[in-house]
């Protein structure tokens with residue numbers, strides 16, 4: 001009977017330590033860390049106020065963008081628009097690659 005009580009006490013202690021570790025980990029990393037684990041960083045671009053915006057967005061499986069890093073804003077009337085756009089897309093691809101890499 002005494003051996004069972006010792007095993008029960010050890011089991012409860014281990015359970016409490018595990019629960020505390022989960023809470024500490026959740027608080028330390030916060031909810032955004034859990035969201036980032038489910039999303040993928042993807043390159044996207046759009047037009048706003050006669051400007052093309054090239055960005056990297058944290059994209060959820062359904063397509064929602066929950067965080068965005070703007071790489072460049074290029075005026076639509078810029079003489080070197082195409083070169084700047086291609087350069088910005090390349091930089092955005094590199095950022096997405098590194099952001100999606102192992103943590």
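The values are calculated or read from the model by the stated rules, or taken from the named source; none is laboratory data. The structure presented is a predicted model; accordingly, all values stated were derived computationally and were not measured. Note that each Cβ is placed from the backbone with ideal geometry, even for glycine, and that neighbours are counted across all protein chains shown.
Below, the figures for the structure above:
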item	result
Residue 50, sole failed condition from (1) surrounded by 10 or more Cβ atoms within 10 Å (Cβ to Cβ); (2) at pLDDT 95 or above	(1)
Which listed residue, of 95, 84, 73, is over 29 Å from residue 38 (Cβ atoms) and outside any loop (DSSP other than H, G, I, E, B)	84
Residue check for residue 40: at pLDDT 95 or above and surrounded by 14 or more Cβ atoms within 10 Å (Cβ to Cβ)	no
Filter result (surrounded by 13 or more Cβ atoms within 10 Å (Cβ to Cβ) and out of contact with any helix residue (DSSP H, G or I) (no Cβ under 9 Å at 6 or more places or on another chain)) within the stretch 74-89	81, 84, 85, 87, 88, 89
